[in-house]
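Structure, as structure tokens:
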Amino acid sequence: MEAKGDSSWTHADVVRSLEAQATTEKQSAIKQGVENVVSKIKTLEDVANYVPVGIIGSTSFYDRTGRSERICQAIGQKLAQRRTLLLTGGMTGIAESMGRGFWAEAQKNDSSVGLGRVFHLLPAIGFEKWEYGTTISAGQYMEDRRIILAKCAKVFYHDLAHSLN
């Protein structure tokens, strides 16, 4: 797959790349996972006016000063101030920091709407529910969850703050 002129990939490129890695058998499970996620998100009032933002990143911070974690929390807070839905892969690190920043800001400003806008997509097997946001079953395995997250989000944040350290 060719990258675009500016070396960035479009959302469609990400989805196609991940789908190509899935077997035909898994594609059915992935389709069902996407339908499950979408049905849970659609329970939000006025959901069509929100942009689903997917969070992809490392499960740990190598920056010992806490700078990267603070940057991720601040980005989460800013996202909560906009008409966004936050879709995390349900792991620690980048996703958790952004999710908790989003959650804290939503509690301060618009708890009735904001608190229902954080979704953690996790495989059905071997993972526990988060204590904040809504945990949604997204496939059976991590690979399934990754593809489902790519299909459900319109915009992605990748851990650039982590990469710059």
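The values are calculated or read from the model by the stated rules, or taken from the named source; none is laboratory data. Here the structure is a predicted model, which means the values were calculated and not measured. Positions of Cβ are backbone-derived with ideal geometry, glycine not excepted, and every protein chain shown enters the neighbour counts.
Some notes on this structure:
- Tally of residues being on the phi > 0 side of the Ramachandran plot and buried (at least 20 other Cβ atoms within 10 Å of the Cβ) across segment 58-93: 1
- Restricting segment 115-133 to residues that are closer than 15 Å to Leu79 by Cβ and among the aliphatic types (A, V, I, L, M) leaves a set whose member that is modelled with the lowest pLDDT is Leu115.
- Of the helices (runs of 4 or more DSSP H) that lie entirely inside segment 47-127, those containing 3 or more residues that are under 14 Å from the mean Cα position of the chain (by Cα) and closer than 21 Å to Leu149 by Cβ span 67-80, 94-109.
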